[in-house]
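Asker: Sending over a structure as structure tokens; questions will come in a sec.
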Amino acid sequence: GGDEIIDGRLTCNSCDAWCRIENGILDLLPFSLRRQELHHDFARRYELEAKKAGAVEDEQKDGQMKFFAKFSRTYDKEVADSPYFSTFDRVVFGGWIKKNISPGQYILDVGCGSGVQSVVIGKEGINVVGVDISEEMLLVAKRKVDESGIANHVDLIVGDAENIPLRDNIFDAYFMVGTLHHVKAPQMVVKSATDKIKNGGAVFTSDNHKSHVRFLFDILMRMWKLYDEEARDEPLFVARQFYDWYGSAGVKSSVRISTYLPPHLYFFLSKGAGESLLKITN
């Protein structure tokens, strides 16, 4: 359709294995994680040979895919468009973009989900490749991309963040917002993502922190649950972990708490008041 492949396939010249492109989204999951029902439906439609897979090899990743397949219908309403997260995107993430990224550059969005950040920066003329393990979440992102008329700036790939299926040293920067607390091996994700950017590239990561007032958030979530969650066994991080992971990957980093107060507070504030509170307590 125009210059975009809506349905198609990529075929390996050496082994003839193929990956489907469906609804404008390229499926590059490793074979052990491939969604067999989607792969076989596609094969039947286009009379292709489909290789049968064995049992699921990674139950944690399979659980993430199943959770977000269901959560994709309500994710934006409960999370992305909520007063806190929209304020965070404008103040914290938006501030990083303005400081580090220019139109025309190529940026990698690791764990892009419904494409909230990818769409925003794609509208600025920045080229983005979004990678996520959930095809249902990517379908939500694709609708946003098409509605915004930025398909020439945003590409979406189903992939495993622990082994991102892209060439090394091709991006100017990468970011991941709320990704690491979903994965089994955060250090592998950091290494894989860092390998994809050019020397001197920029990095932004935001995730759950273990601060002294974390208990307030936990109490409030029991009283007023803002959203469902499917996290790893240890979803909270401390600064030392980030310094270790990024240091090992060759990245010079600084770590700070960007959100110190519980996000519930932002539901009672105007847009401007919420931005001021986040800036002051950042």
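Asker: Pairs needed: first member in segment 60-78, within 27 Å of Tyr266 (Cβ to Cβ) and outside any helix (DSSP H, G or I); second member anywhere, open to solvent by 30 Å² or more (accessible area, probe 1.4 Å) and among the acidic types (Asp, Glu); C-beta distance under 9 Å; at least 6 residues apart or different chains.
Answerer: Taking only residues 6 or more apart or on different chains, the pairs are Ser72/Glu136; Arg73/Glu136; Thr74/Asp228.
Asker: Quick check, is Ala193 outside any loop (DSSP other than H, G, I, E, B), in contact (Cβ under 8 Å) with a residue 60 or more places away in the chain and in contact with a helix residue (DSSP H, G or I) (Cβ under 6 Å, 6 or more places away or on another chain)?
Answerer: On the way: outside any loop (DSSP other than H, G, I, E, B): yes; in contact (Cβ under 8 Å) with a residue 60 or more places away in the chain: yes; in contact with a helix residue (DSSP H, G or I) (Cβ under 6 Å, 6 or more places away or on another chain): no.
In short, no.
Asker: Kindly indicate whether Asn13 is open to solvent by 50 Å² or more (accessible area, probe 1.4 Å), of a type outside the set (A, V, I, L, M, F, W, C) and at pLDDT 95 or above. Give the derivation first.
Answerer: On the way: open to solvent by 50 Å² or more (accessible area, probe 1.4 Å): yes; of a type outside the set (A, V, I, L, M, F, W, C): yes; at pLDDT 95 or above: no.
It is false that Asn13 is open to solvent by 50 Å² or more (accessible area, probe 1.4 Å), of a type outside the set (A, V, I, L, M, F, W, C) and at pLDDT 95 or above.
Asker: In segment 254-282, how many are farther than 13 Å from Thr87 by Cα and touching a residue at least 60 places away in the same chain (Cβ under 8 Å)?
Answerer: Going through segment 254-282 one residue at a time, the tally reaches 0.
Asker: Return the total of residues in segment 134-172 being assigned to a loop (DSSP other than H, G, I, E, B), open to solvent by less than 30 Å² (accessible area, probe 1.4 Å) and not polar (S, T, N, Q).
Answerer: Just the residues of segment 134-172 that are assigned to a loop (DSSP other than H, G, I, E, B), to begin with: 134, 149-153, 159-160, 164-170.
Those still in the list that are open to solvent by less than 30 Å² (accessible area, probe 1.4 Å) too: 134, 150, 159-160, 164.
This time we only want the ones that are not polar (S, T, N, Q), so: 150, 159-160, 164.
Matching residues across segment 134-172 total 4.
Asker: Only residues that are touching a residue at least 24 places away in the same chain (Cβ under 8 Å) and not small (Gly, Ala, Ser): list them for segment 15-41, please. Break it down stepwise before answering.
Answerer: Here is the first cut: in segment 15-41, the ones touching a residue at least 24 places away in the same chain (Cβ under 8 Å) are 17-18, 23-30, 32-33, 35, 38.
Residues satisfying the conditions are Trp18, Asn23, Ile25, Leu26, Asp27, Leu28, Leu29, Pro30, Leu33, Arg35, Leu38.
Asker: Answer yes or no: is there a residue in segment 221-228 that is open to solvent by 50 Å² or more (accessible area, probe 1.4 Å), in contact (Cβ under 8 Å) with a residue 12 or more places away in the chain and of a type in the set (Ser, Thr, Tyr).
Answerer: Going through segment 221-228, the residues open to solvent by 50 Å² or more (accessible area, probe 1.4 Å) turn out to be 222-225, 228.
Adding the requirement that they be in contact (Cβ under 8 Å) with a residue 12 or more places away in the chain leaves 224, 228.
Going one step further and asking which of them are of a type in the set (Ser, Thr, Tyr), we end up with none.
No, the conditions are met nowhere in segment 221-228.
Asker: Does Thr259 qualify as being assigned to a strand (DSSP E or B) and hydroxyl-bearing (Ser, Thr, Tyr)? Even if it seems obvious, please write down each step before you answer.
Answerer: Values: assigned to a strand (DSSP E or B): no; hydroxyl-bearing (Ser, Thr, Tyr): yes.
No, not satisfied.
Asker: Does Val177 fit the bill of being out of contact with any Leu (no Cβ under 7 Å at 6 or more places or on another chain) and open to solvent by 30 Å² or more (accessible area, probe 1.4 Å)?
Answerer: Details: out of contact with any Leu (no Cβ under 7 Å at 6 or more places or on another chain): yes; open to solvent by 30 Å² or more (accessible area, probe 1.4 Å): yes.
In short, yes.
Asker: Go through segment 18-45 and give me each residue that's closer than 20 Å to Glu162 by Cβ and open to solvent by 20 Å² or more (accessible area, probe 1.4 Å).
Answerer: Correct list: Cys19, Leu26, Leu28, Pro30, Phe31, Ser32, Arg34, Arg35.
The values are calculated or read from the model by the stated rules, or taken from the named source; none is laboratory data. None of these values were measured; they are calculated from a predicted model. Using ideal geometry, Cβ is built from the backbone for each residue, glycine included, and neighbour counts are taken over all protein chains shown. The accessibility values were calculated without ligands, DNA or RNA, using every heavy atom of the protein model including side chains. Shrake-Rupley method; radii C 1.70, N 1.55, O 1.52, S 1.80 Å.
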